[in-house]
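Presented below is the structure to which this report refers.
The values are calculated or read from the model by the stated rules, or taken from the named source; none is laboratory data. Keep in mind it's a predicted model, so treat the numbers as computed, not measured. All Cβ positions, glycine included, derive from the backbone under ideal geometry; neighbour counts span all protein chains shown.
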Amino acid sequence: MNNKSNPQMSQDQGSPNQDQGKSPKEGILDKIQQLGQTNVPQMEQSNIHMVTIIGQIEGHMQLPPQNKTTKYEHIIPQLVAAEQNPKIEGMLIILNTVGGDVEAGLALAEMISSMSKPTVTLVLGGGHSIGVPIAVASNYSFIAESATMTIHPVRLTGLVIGVPQTFEYLDKMQDRVISFVTKHSSITEETFKELMMSKGNLTRDIGTNVVGKDAVEYGIINEIGGLGPAIKKLNELIQENKPSEDVVQ
Amino acid sequence: MILYTYQAQELIFPVQDTEYEGVEMVDIPGGQLQVQRQGEDNSYRVVRLLSTDPNLYLDERYQPGQPYFFDNR
C-alpha cells in the first residue's frame, strides 16, 4: 500500500530505509480492524449521489437499536438537499429492504418519484413489501438477477380493535400501495392484486415472491442489471435532462 | 426455552433503555455520522455514515470503526 497517503504512518516510520518495525504493521492492523481493507481509492467530486434503503423502513415507532433501519427523518432531508444542490445531477437509490412502515415507505416513494432530477433504483438482495413502491418510484429501475421482491397484503402488528372499520382502513392502505405501484410501473392492477393474493407460493401465507427475471416480466421493474448498468443508465438520463447546448447561435 | 405465543417479542422481552444510550448522531459537512460511545472512557467510534455523497464513504475519517473526537468535549 502507499504509505504516503497516511501521514500518521509515515511519521511513525521515520526514514523509509530503517527497519520496518512495528508501527507500520500496527497501522495496517488498525485499518483491517476498521473496514477489512488496507486502503480506499480517492476520486473527484461526484455528480451522482446515492441513497441506500436498507433493513427495515422505520415508521413513527423507533425500533430497538439491534434492528438495521432506514429512518425517514434521515432520508427525506437528504433527498431535499440533493434536489436543491445544482452540482448533483442524478440520484441512485439502492434497495435491500425487508419492508416496514407503509406510510414512511410511501412518503419516501413519493419523494423519489417527484424529484426533478433523474433517478435510478437498483434492487439488490431483496426489495420486499413496502420496498416495491420505492423500487418503482424512480425514472428507471433495475433488479439484480438474484434479488427478490415479496408482494403480499398489508398487515398490522400490535393491538388492533376488532371492528369492520379496521379492516376497511387496512384495505384502503393497501389500495394506496397498489395504485402507486401501478401508476409508476407497467404492471396492471389486476396482475399486481393477483400476485398479492395468490396462495401456495409462500409457505402458509398469501402473496408471491417475485425473483429478478419475473419482476421484469411482470412489468414491475424495467430491467435486470447491477451497479454498472444502473450508473450507465443514470448518466444517459442526466445527458437527456441537460438543456441542449447546440441551440447557441 | 421455547415460546409459543401471539404476543409481540417486545412485550415479552422489553428493550433495555441502556441499548439506546451512547449512540449519537453528529452533523458533518455533507451528512451525518452515527457514533457510539466506547465503554467508560468517553471515547467514540463511528458506527455509520449517513450521506448521499459517495465520496464521503471513501473518506478515511468516516469509515466504520474509526475513532471519533468531539470538538467541544
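Filter the range A:140-163 down to residues that are within 15 Å of the chain's Cα centre (by Cα) and not in a strand (DSSP E or B), then give me how many there are.
From the range A:140-163, those within 15 Å of the chain's Cα centre (by Cα) are A:140-144, A:147-149; that's our starting set.
Adding the requirement that they be not in a strand (DSSP E or B) leaves A:144, A:147.
Qualifying residue count, the range A:140-163: 2.
Yes/no matrix, rows are residues, columns are (1) more than 14 Å from chain B (Cβ to nearest Cβ); (2) in contact with a helix residue (DSSP H, G or I) (Cβ under 7 Å, 6 or more places away or on another chain); (3) buried (at least 24 other Cβ atoms within 10 Å of the Cβ):
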{"residue": "A:Val132", "(1), (2), (3)": "yes, yes, yes"}
{"residue": "A:Ala135", "(1), (2), (3)": "yes, no, yes"}
{"residue": "A:Ala144", "(1), (2), (3)": "yes, yes, no"}
{"residue": "A:Ile151", "(1), (2), (3)": "yes, yes, yes"}
{"residue": "A:Pro164", "(1), (2), (3)": "yes, no, no"}
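Among the residues that make up the range A:194-201, is at least one of them in contact with a strand residue (DSSP E or B) (Cβ under 8 Å, 6 or more places away or on another chain) and modelled with pLDDT under 90?
We begin by selecting, within the range A:194-201, every residue in contact with a strand residue (DSSP E or B) (Cβ under 8 Å, 6 or more places away or on another chain); these are A:195-199, A:201.
Now restrict to residues that are modelled with pLDDT under 90: A:201.
Looking through the range A:194-201, at least one residue is in contact with a strand residue (DSSP E or B) (Cβ under 8 Å, 6 or more places away or on another chain) and modelled with pLDDT under 90.
Return the pairs, sorted by first residue and then second, in which the second residue is outside any strand (DSSP E or B) and among the hydroxyl-bearing types (Ser, Thr, Tyr), the first residue lies in the range B:39-57 and is within 18 Å of A:Gly90 (Cα to Cα), the beta carbons are less than 7 Å apart, and the residues are 6+ apart or on different chains.
Between residues of the range B:39-57 that are within 18 Å of A:Gly90 (Cα to Cα) and residues that are outside any strand (DSSP E or B) and among the hydroxyl-bearing types (Ser, Thr, Tyr), the close pairs are B:Asp53/A:Ser46; B:Pro54/A:Ser46; B:Asn55/A:Ser46; B:Leu56/B:Tyr62.
Please verify whether A:Thr182 is assigned to a strand (DSSP E or B) and hydroxyl-bearing (Ser, Thr, Tyr), treating the condition exactly as stated. Step through it out loud before you land on a result.
Values: assigned to a strand (DSSP E or B): no; hydroxyl-bearing (Ser, Thr, Tyr): yes.
Against the criterion (assigned to a strand (DSSP E or B) and hydroxyl-bearing (Ser, Thr, Tyr)), A:Thr182 does not qualify.
Of all residues being at pLDDT 90 or above and more than 10 Å from chain B (Cβ to nearest Cβ) in the range A:37-53, which is farthest from B:Asp53 (Cα to Cα)? Just the residue, please. Lay out the reasoning, then the answer.
Of all residues in the range A:37-53, those at pLDDT 90 or above come to A:47-53.
Next cut, more than 10 Å from chain B (Cβ to nearest Cβ) only: A:47, A:53.
On the way: A:Asn47: 9, A:Ile53: 15 Å.
Step by step, filter the range A:37-53, then rank; the result is A:Ile53.
This table checks each residue for (1) closer than 19 Å to A:Gly105 by Cα; (2) surrounded by 17 or more Cβ atoms within 10 Å (Cβ to Cβ); (3) aliphatic (A, V, I, L, M).
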site	(1), (2), (3)
A:Val181	yes, yes, yes
A:Ser185	yes, yes, no
A:Leu195	no, yes, yes
A:Ser198	no, no, no
A:Ile206	no, no, yes
A:Val216	no, yes, yes
A:Gly219	no, no, no
A:Asn222	no, yes, no
A:Leu227	no, no, yes
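Residue-wise test of (1) within 21 Å of A:Thr69 (Cα to Cα); (2) surrounded by fewer than 14 Cβ atoms within 10 Å (Cβ to Cβ).
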site: B:Gln36; (1), (2): yes, no
site: B:Val47; (1), (2): yes, no
site: B:Asn55; (1), (2): no, no
site: B:Phe70; (1), (2): no, yes
